[in-house]
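Peer 1: Before we start, here is the structure in question, set down as structure tokens.
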Amino acid sequence: MKAVISMKGKSFQREFDSNIIYGKKIGEKLEGNIFGLEKYELQITGGSDKQGFPMRKGVKGITRKKLVLSGSVGYRPEGKGVRRRKSIRGETISEEIAQINLKVIKEGSKKFDEFVKKEEVEKPLNEPKENKTEK
């Protein structure tokens, strides 16, 4: 499972063993040790399942449900008063969840910027594509 950890507009991704957090809900707090962040405190803010459906706070359980939405997580209406039926994943983390979003509540001994810079260095640089024109 992937975790997107963010603080003050900066974020990075980490892969981790997800068995530890099964059963946790959106809004619950976690220790940063799970993700390699010593003495950090994190809060679950959301996520999405393997098919890309977003998790929504207030939807009980782990199943996917169809709800009539007028805005917020899972649907952005084009006009005022527009509502649509959309599929939403429940607020509890299960085996079906592919990614969770976390925010930093309490920073540890190492600064958050050090983790972000470290992740940027490890990423391979994308080489620019050659512009081929056919004649």
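The values are calculated or read from the model by the stated rules, or taken from the named source; none is laboratory data. On a predicted model such as this, the values are computed, not experimentally measured, just so you know. Neighbour counts run over all protein chains shown; Cβ positions are idealised from the backbone, glycine included.
Peer 1: Using beta carbons and a limit of 9 Å, which pairs, at least six apart or on different chains, have the first residue in the stretch 59-81 and more than 20 Å from ALA98 (Cα to Cα) and the second one among the β-branched types (Val, Ile, Thr)?
Peer 2: Qualifying pairs under 9 Å: LEU67/VAL59; LEU67/ILE88; LEU69/ILE88; SER70/VAL82; GLY71/VAL82.
Peer 1: Having 1 or more residues that are surrounded by 12 or more Cβ atoms within 10 Å (Cβ to Cβ) and hydroxyl-bearing (Ser, Thr, Tyr) is the bar; report the strands (runs of 3 or more DSSP E) wholly within the stretch 19-121 that clear it. Break it down stepwise before answering.
Peer 2: Details: elements: 29-31, 41-49, 64-69, 84-89, 97-106.
Filter on the stretch 19-121 gives 41-49, 84-89.
Peer 1: Among ILE20, ILE62, ILE26, which is touching a helix residue (DSSP H, G or I) at 6+ places or on another chain (Cβ under 8 Å) and among the aliphatic types (A, V, I, L, M)? So that I can check it myself, show each step before the final result.
Peer 2: Values: ILE62 fails: touching a helix residue (DSSP H, G or I) at 6+ places or on another chain (Cβ under 8 Å); ILE26 fails: touching a helix residue (DSSP H, G or I) at 6+ places or on another chain (Cβ under 8 Å).
That would be ILE20, the only listed residue that is touching a helix residue (DSSP H, G or I) at 6+ places or on another chain (Cβ under 8 Å) and among the aliphatic types (A, V, I, L, M).
Peer 1: Next up: Identify, please: which residue in the stretch 1-13 is within 26 Å of VAL59 (Cα to Cα) and of a type outside the set (Ser, Thr, Tyr) and is, among those, surrounded by the most Cβ atoms within 10 Å (Cβ to Cβ)?
Peer 2: It comes out as ILE5.
Peer 1: Now a separate question. Filter the stretch 91-128 down to the residues that are at pLDDT below 60 and aliphatic (A, V, I, L, M), then identify the one that is nearest to the chain's Cα centre (by Cα).
Peer 2: Going through the qualifying residues, I end up with VAL121.
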